[in-house]
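A short reminder: the numbers here are calculations on the coordinates, not readings from a lab. In this text the structure is predicted, and so the values were computed from the model without any measurement. Note: ideal-geometry Cβ built from the backbone for every residue, glycine included; neighbour counts use all protein chains shown.
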Amino acid sequence: MRLFQLPPPRRPIALLWEESRDARAAEAAVKHELLAEPEPTEFPRRHLFNPKDGWFRRTERATNRFLSRRVFPQLPWMRRPYAAILERSLTVSEAQVPLARLGGSGDVKVLVISDIHAGPFVTSEILQRTFERLLTLRPDLILLPGDFATVSVEEVEEVVPALRILQAPLGVYGVLGNHDYYTDDVERLSSLLENAGIELLQNRSVIVEKQGARFLLGGVDDLLGGLPDFRQALKGHEDDLPTVMMSHNPDVFPAAVESGVSLLLAGHTHGGQIRVPGLSVLVRMSRYRLDEGRYSVDGSELIVSRGLGATGLPLRVACPPEALLLSLISA
């Protein structure tokens, strides 16, 4: 009787070493930055170029949709420039975020990936490689604050294999963005995302727990394409839990403050996408100038990501693609 069998010599150890080496190399290839401390804000409004219904943004959106539907799909080579940008410039911005009443003695590592923009500039292959690099960070929780698509459901259908590799012990959650509404088939898009393992939190929330840490995780609908409703999202849950909410658009922050949200996570702005070093954002997508980074008002905090993808042009200038790695700790 054979009681045990020795593993084949050398090969498993070599494989483990190679996998470990590859993971270390992938993580090292991602640039890491620290986010600055939250910046107090008072919601200064931009009266010109209203991002929701101003003439400039309406014209820009119509042009973007036309190019993405009719022109860029005929130019498959346009995917190469942005693949190179993701490979070389992907940045992980990190921060510790204290939450009152969180509990627990450790932290909860949250990976935030916004504005994927599958479509004319981002292929399933480059997206999968990007996700594999980010998963070496070993997050407890993955959050996806909208704009999975650029203009069509088929774009997301193509990248479902890449989306399926996003897994975390506490789950993978998302909300829809304005470009997801541009597909004109939100129901089918939502079904694709759910089948890929992404639970959508459209005006609803769930409780998340890790080793004594406990908080409410929720999301609201998109400001431009849907109807964000914090009251509905928070309905029926305990008042003493800290609340972490997702919104694609950061301009719902005033409503989040009024609702007592502890932390709001957003994307949408791309940080400007194309910028001149040393100058403010050239084309703003936030009415309140909530372009990127951390903001605070009355005990509520907002963190805006530059996001992963691009629209309009397959370029980012002085504004590299970004994912967030946030460590939620007890205040």
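Name the shape class, rounded, prolate or oblate, that the alpha-carbon gyration tensor gives for the chain, where a ≥ b ≥ c are the square roots of its eigenvalues, rounded holds for a/c under 1.5, and otherwise prolate holds if a/b is larger than b/c and oblate otherwise.
Values: a/c = 1.65, a/b = 1.19, b/c = 1.39.
Note, shape of the chain comes out oblate.
Looking at segment 77-157, which trypsin sites (Lys or Arg not before Pro) are DSSP coil and have at most 16 other C-beta atoms within 10 Å of their C-beta?
Arg101
Zone of Thr136 (label point 7 Å along Cα→Cβ, backbone N under 16 Å): which residues in segment 69-90? 86-90, by backbone N distance to the label point. The overall shape of segment 150-262 is oblate: from the C-alpha gyration tensor, with semi-axes ordered a ≥ b ≥ c, the ratio a/c is 1.5 or greater and a/b is no larger than b/c. Secondary structure note: in segment 68-330, about 35% of the DSSP beta bridges are antiparallel. Charges were assigned to the Cβ only: +1 to each Lys and Arg, -1 to each Asp and Glu. The resulting dipole of the chain about its Cα centre is roughly 900 debye.
Only Cα pairs under 8 Å and 6+ residues apart enter the sum, and on that basis the relative contact order of segment 143-240 stands at 26 percent. Shape analysis of segment 175-220 places it in the prolate category; the axes a ≥ b ≥ c from the Cα gyration tensor give an a/c of at least 1.5, with a/b above b/c.
Here's the picture: a label point sits 7 Å out from the Cα of Thr41 along the beta-carbon direction, and within segment 89-121 the residues with their amide nitrogen under 19 Å of it are 93-98, 112-115.
Placing unit charges on each Cβ (+1 for Lys and Arg, -1 for Asp and Glu) gives the chain a dipole about its Cα centre, and among Val257, Ala95, Leu134 the Cα reaching farthest toward its positive end belongs to Leu134.
Projecting the Cα atoms of Ala83, Gly146, His268 onto the charge dipole of the chain, computed from C-beta unit charges around the Cα centre, puts Ala83 farthest toward the positive end. Applying both filters, DSSP loop and at most 13 other Cβ atoms within 10 Å, to the GluC sites (Glu not before Pro) of segment 182-283 gives Glu238.
So which chymotrypsin sites (Phe, Trp or Tyr not before Pro) in segment 34-113 are both in a DSSP loop and have at most 15 other Cβ atoms within 10 Å of their Cβ?
Details: sites: Phe49, Trp55, Phe56, Phe66, Trp77, Tyr82; in loops: Phe49.
When the chymotrypsin sites (Phe, Trp or Tyr not before Pro) of segment 34-113 are filtered for loop state and at most 15 Cβ neighbours within 10 Å, Phe49 remain.
Going by average Cβ neighbours within 10 Å, how do the peptides 276-282, 92-98 rank, with the highest at the top?
Values: 276-282: 10.4, 92-98: 17.7.
Ranking the peptides 276-282, 92-98 by packing returns 92-98, 276-282.
Any idea what the relative contact order of the chain is, in percent, if you count C-alpha pairs under 8 Å spaced at least 6 apart?
On the way: 744 pairs, mean separation 79.7, N = 331.
It comes to 24 percent, rounded to a whole number.
Sum -39500 (n - 2.57) across every DSSP H segment of at least 4 residues in the chain, then divide by the residue count to get the 222 nm mean residue ellipticity, nearest 500.
Numbers: 10 runs with 90 residues, N = 331.
Computed mean residue ellipticity for the chain: -7500 deg cm²/dmol.
Mean-square fluctuations from a GNM of the chain, with a 10 angstrom spring cutoff on Cα atoms, peak among Pro139, Pro38, Pro321 at Pro38.
Charge tally around Arg88: other residues with Cβ under 14 Å, Lys/Arg +1 each, Asp/Glu -1 each, net +3. Computed about the Cα centre, the dipole magnitude for segment 85-206 is approximately 620 debye when only Lys and Arg (+1) and Asp and Glu (-1) carry charge, each at its Cβ. Evaluated with a Cβ-only charge set (Lys, Arg +1; Asp, Glu -1), segment 37-121 carries a dipole of roughly 680 debye about its Cα centre, given to the nearest 20.
If the chain linking His237 and Val71 were pulled fully straight, counting 0.36 nm for each residue of separation and taking away their Cα-Cα distance, it would gain 55.0 nm. Note on Gln96/Ala62: beta-carbon distance plugged into 1/(1 + (r/R0)^6) with R0 of 35 Å gives a FRET efficiency of 0.25. For the chain, the membrane-span-like helix rule (DSSP H, alpha carbon extent of at least 24 Å along the helix axis, mean Kyte-Doolittle at least -0.5) picks out 11-29; this says nothing about an actual membrane.
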